[in-house]
Amino acid sequence: MSALAVIRPNDWELPLFVHVLAGFVLIGALFMAATYLFAARRDGSVELTRAGFRSLLIVALPALLATRFAGQWIASQEDLEDAEVTWIEVGYASTDAGLLFVIVATVAAGLAVRRAGRVAEGGGGGAGVTVAAWIVALLILLYGVVLWLMASKPT
Amino acid sequence: MLRGAVYDTLLGLHLLSAAITFVTLVMFSAWALGAPLTRSQWTVADQAWNVSGAGLLIFGVWLALYVDGYELWDGWILGALVLLVAATFFGARARTPVLAALAGGAAVTTAREAMVWHWLRTLAILGILVLMVWKPGA
C-alpha cells in the first residue's frame, strides 16, 4: 500500500471535518426519524409522529445542507467543482435529490402531526406517517451506499 | 493517488462503523434534550453502539497496520484508541440509568446522570473525529 494514500493537502481539514461530521449526524438523524415514524405508524402516537417530524426538520435537514455545502467547499479548495469524477458527481446528485426527499418526508410528517392532532386519540397520522417513514428508510439505504462510494472513490 | 481494494474496503467499513456510532449519539442527544425514548429505540441505539464500537476498533487497527506510513503507536492513533476506551466507559455509565428507567416499560424522561455521561461520550467521539481528520504528527 502506498504512503501516498495517507497524504492530503493541509487546507482540506476543516471542510472535511464539517462534511464528515454533518454526514454522520445526517445518518443518525435519519435513523432516529425512522424509529419514531415507524413506531408512530404502528401505534398511532401523536408524540412519536411529532418527534419524527422534528428529527427531520431540526436535525436531518440542517445536517444534509451542511454536508452538501462542506462537500462543495472541499471541491472548491481543490478546484474540483467542475471535475467529471464519478464519486463527486454521485455525492452532489445524492445530496441534491436527498434534499428533495427529506423535504417531502418532512412535509408529510408535518401534515401527519396536524392530522393526528385533529383526530381522536389513537387515530394516528394516516398515510403521511407511512410515506415519511418509507422515504426516510430509503434515504438511509441511499446514504449507506453513498458513504461507501465516498470511501472507495471509484473513478 | 494509489488505492487498493483492501484499503477501500477497510476504510469503507471503518467509516460505516463511525456513521453507526452517530446513530447512538444522535438518539441519546435527542433524548437528553427531551425527546421521547421508547424501548425499541433504546434497542436500536444500544445495538448500534455495540456494533459500531467493534467496527471502529477492528477496522481502525487493521487500517493502521495495513497502510504504509501509519503505525499503531503514532500519537494520533494512540490518542484515538484512548478516547475510544474513554467513550466506551462513558457509554456504559450512560446506559445504566436508562436501562433502569426503561425497566418500567414506559417511555422515559431525561435522567440527569445519563445525560452527563452521554455528553462526555459525545466529546470523546468528537475528539476521535478531530484526530482522524487532522492527524496531528502524521
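The values are calculated or read from the model by the stated rules, or taken from the named source; none is laboratory data. All values derive from a computational prediction rather than experimental measurement. All Cβ positions, glycine included, derive from the backbone under ideal geometry; neighbour counts span all protein chains shown. Accessible surface areas use protein heavy atoms only, side chains included; no ligands, DNA or RNA. Shrake-Rupley method; radii C 1.70, N 1.55, O 1.52, S 1.80 Å.
Some notes on this structure:
- Residues of the stretch A:45-75 classified as open to solvent by 10 Å² or more (accessible area, probe 1.4 Å), over 19 Å from B:Val23 (Cβ atoms) and either away from chain B (no Cβ under 12 Å) or not in a helix (DSSP H, G or I) (or both), total: 7
- Those residues of the stretch B:16-47 which are surrounded by 22 or more Cβ atoms within 10 Å (Cβ to Cβ) and more than 7 Å from chain A (Cβ to nearest Cβ), in sequence order: B:Ile20, B:Thr21, B:Thr24, B:Phe28, B:Trp31, B:Leu37, B:Ala45
- Only one entry in B:Leu56, B:Leu13 is more than 7 Å from chain A (Cβ to nearest Cβ), in contact with a Gly (Cβ under 7 Å, 6 or more places away or on another chain) and more than 21 Å from A:Phe38 (Cα to Cα), namely B:Leu13.
- Single residue of B:Val133, B:Val85, B:Val98 found to be in contact with a Phe, Trp or Tyr (Cβ under 7 Å, 6 or more places away or on another chain), farther than 20 Å from A:Leu21 by Cβ and either in contact (Cβ under 8 Å) with a residue 24 or more places away in the chain or part of a helix (DSSP H, G or I) (or both): B:Val98
- Taking the criterion of being modelled with pLDDT of 90 or more and among the β-branched types (Val, Ile, Thr), the residues of the stretch A:1-45 that qualify are A:Val18, A:Val20, A:Val25, A:Ile27, A:Thr35.
- Some residue of the stretch A:105-116 being buried (at least 16 other Cβ atoms within 10 Å of the Cβ), touching a residue at least 12 places away in the same chain (Cβ under 8 Å), charged (D, E, K, R) and part of a helix (DSSP H, G or I): yes
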